Amino acid sequence: MATHILRQIWTAISHLNPNDVRSLAEQNLGVGLHASSEKGYQEMEEFLCPRSLSPQRRLEVLAHLYRAQPLSPPPRLDVEIYHASLAPAAGGFIFQPEAPGKLVREVLAERANLSLTLARLFPPFREPVIDDIIWTVSKENALFSIATAVPDVVPSLIQLPWAVGQVASDTAFLTGNQTRMAFLIAAASNRRVGYREQRNEIGSILAGAFGWRALARQLVAKIPFGGGLIPKAAIAFAGTYVAGRALERYYRDGYWYTAQEQKVAYEGAFETGKRVARELLETLGIDQGRGARK
């Protein structure tokens, strides 16, 4: 049985293309800066390219920032940022030194297609982008776990990253989607992306797949059909969420969660997963008790 499931997992993972993630993260990005003084320019540059970066890394990041001066017009710009001392042009974003996080939120909301590149280059964008990756993939996996229990939900899954028919089991899909998440988090963390480059991280995901599968089976088997939808989806959410947070820790600090940290993180994520599962069932119009559409 283990060999059979591993084959299914590999089939799911083989549909992933890390080159697509690399391409998204390594887009040629130009950011224009507009200020009325040298101090204004320095405030924006030091926010986007903090001095805590190594000298070499700072040079790489600064190469994507262009001071928009009339005598030396910059090349085509993807994002234009105006210091709060200036009125922004149409489509421009405002940098407020006392509330710089507002700039990050607004840019990501309007330039979602650049989120991986922004996170890879500029440290202030990294955490919110990774948070969104982990949340989105965790919710996708919770939704898929519901679909495997309620077949007529499948047509509602068109927003998931792959066609449902490409994988033969929920374990394969969940594991493949976690691997996709690992690619995205690595790219946002300015780490190398790929099967070989991330073999240790992918190995950790594969090792955890059977643990989550066994836990889900044990729990759902004790609950009548329908009543098990919420815990089943919550397990899928929590397992994915904890895997994502562990990857974030690894890429940021260089070490994994301890067993105790993982236990605490899972308990919190499971409670969140139950809430997410209830919201998904309500959105899909599924009766939580009968496991069927209302």
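Evaluate the stretch 52-59: report whether one residue or more is surrounded by 13 or more Cβ atoms within 10 Å (Cβ to Cβ), within 26 Å of the chain's Cα centre (by Cα), in a helix (DSSP H, G or I) and at pLDDT 95 or above. Looking through the stretch 52-59, at least one residue is surrounded by 13 or more Cβ atoms within 10 Å (Cβ to Cβ), within 26 Å of the chain's Cα centre (by Cα), in a helix (DSSP H, G or I) and at pLDDT 95 or above. Look at the stretch 155-201 and say how many of its residues are modelled with pLDDT under 75, part of a helix (DSSP H, G or I) and within 19 Å of the chain's Cα centre (by Cα). The number of residues fulfilling the criteria is 1. Of the residues Glu38, Glu45, Glu106, Glu98, the single one that is farther than 28 Å from Asp131 by Cα and acidic (Asp, Glu) is Glu38.
The values are calculated or read from the model by the stated rules, or taken from the named source; none is laboratory data. Because the structure is predicted, anything quoted here is derived from the model rather than measured. Methodologically, a virtual Cβ is constructed for each residue, glycine included, from the backbone with ideal geometry; neighbour enumeration extends over all protein chains shown.
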